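First up is the structure itself, then whatever we jot down about it.
The values are calculated or read from the model by the stated rules, or taken from the named source; none is laboratory data. Treat the numbers as computed from the prediction; the structure is a model and nothing was measured. Positions of Cβ are generated from backbone atoms using ideal geometry, with glycine treated the same way; all protein chains shown enter the neighbour counts. When the accessible area is computed, the model is the full protein with side chains, heavy atoms only, and any ligands, DNA or RNA have been set aside. Shrake-Rupley method; radii C 1.70, N 1.55, O 1.52, S 1.80 Å.
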Amino acid sequence: MSIETSPIALIVEDEPDLMDVAASLFTSMGYDVLTASSGREAMDVLEQRDVDILFTDVVMPNGMDGLELASYTRTHYPDTKIMLASGYPLPALKLEHANLSDFAFVNKPYRLSDLARALRSAA
C-alpha cells in the first residue's frame, strides 16, 4: 500500500507578511510548504529535501537574488519547477535580468488565480 504525499513548495521571500500570504495560497492549492528568507537558506533546504516547486522573489537582499537561485536550482535540481515573483514591472526587470523569460513569472500583488496560471507554465 502506498502513501500519497502532497507536493512540496519552497517559498523564498524576505518579507514575512508576503511569505505568509504565499504559504497560505500554496497550502490552499494542496502543497506542503517550506520557507526560506534568503537564497542561501533556500539552497540549504534544497540540499536536504526534495522540492516540487521553487517560488522565489526576484529581488532579495543579502547576496543571492531570486534569479540566481532559480538558475542554481535549474542546474542542480532539474526536476524542480520554478516560478518567480516581483513587485517591479516585468519590462524593467528584463532590462536587468535578460534570462528572466526562461521562468514562469507572476507580478506582486498576486492572487490565487495568478499563481495557478503561472504554475501551469512553470518548467
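Miscellaneous remarks
- Here Y88 meets the list (1) open to solvent by 80 Å² or more (accessible area, probe 1.4 Å); (2) aromatic (F, W, Y); (3) at pLDDT 90 or above almost entirely, failing just condition (3).
- Condition check for L46: crowded, with 16+ Cβ neighbours inside 10 Å and at pLDDT 95 or above: yes
- Scan of region 1-28 for residues that are open to solvent by 30 Å² or more (accessible area, probe 1.4 Å) and touching a helix residue (DSSP H, G or I) at 6+ places or on another chain (Cβ under 7 Å), ordered by number: L25, S28
- Strands (runs of 3 or more DSSP E) (entirely within region 4-115) containing at least 2 residues that are in contact (Cβ under 8 Å) with a residue 24 or more places away in the chain and touching an Asp or Glu at 6+ places or on another chain (Cβ under 9 Å): 8-12, 32-36, 53-57, 81-86
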